[in-house]
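Quick note: the coordinates plus some simple rules give every number you see, no bench work behind them. Predicted, not measured: the structure shown is a model, and the values here were computed from it. A quick note on method: Cβ atoms are made from the backbone with ideal geometry, for glycine too, and the neighbour counts reach across all protein chains shown.
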Amino acid sequence: MSRNVTRAAAEGTRRRRRRNSILLSVAAVAVIVILLALEQVALLYLIATLGVAVLLIIVAFADLHGAPAEVAQPAPADSAAGIADRTASPAAAATTSFAPTAPRPHRRKRRR
């Protein structure tokens with residue numbers, strides 16, 4: 001029973017957030033249309049610039065789900081010309097090969 005109550009509460013929260021998002025979008029569109037009608041392009045430019053700046057700040061400080069910061073490892077040295085000429089070392093060739101390691105099983109054709 002408590003599971004159903006929790007599910008109903010979550011559904012109500014989801015519905016309320018969706019409604020608020022739609023109302024916020026409609027309000028933003030109304031403000032933009034009003035500013036365009038009043039020919040306030042400078043104000044629109046300022047709002048757009050501040051919006052992009054805020055978005056960049058939000059992305060910069062995003063937690064990314066608590067992923068641990070990894071130490072950057074230097075890329076392994078390879079010779080692009082050697083890979084193209086197929087003269088690269090076997091270890092390098094094994095890491096850069098895109099061919100499957102095991103043969104694929106044969107598939108039967110379907111009869112119609």
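A Förster radius of 41 Å combined with the Cβ-Cβ distance from LEU35 to VAL5 puts the calculated FRET efficiency at roughly 0.35. Dipole size of segment 2-62 about its Cα centre, with +1 on Lys/Arg Cβ and -1 on Asp/Glu Cβ: approximately 660 debye, rounded to the nearest 20.
Here the simple spin-label model places points 7 Å from the Cα toward Cβ, and for THR13 and HIS106 these points are separated by 5.7 nm. Remark: segment 16-24, residue by residue, has Karplus-estimated 3J(HN,Hα) of 5, 5, 5, 5, 5, 5, 5, 5, 5 Hz, where x stands for each Gly or Pro and the curve is 6.51 cos²θ - 1.76 cosθ + 1.60 at θ = phi - 60°. Taking the charge dipole of segment 2-62 about its Cα centre, with +1 at Lys and Arg Cβ atoms and -1 at Asp and Glu Cβ atoms, the residue from GLY12, SER25, LEU55 reaching farthest to the positive side is GLY12.
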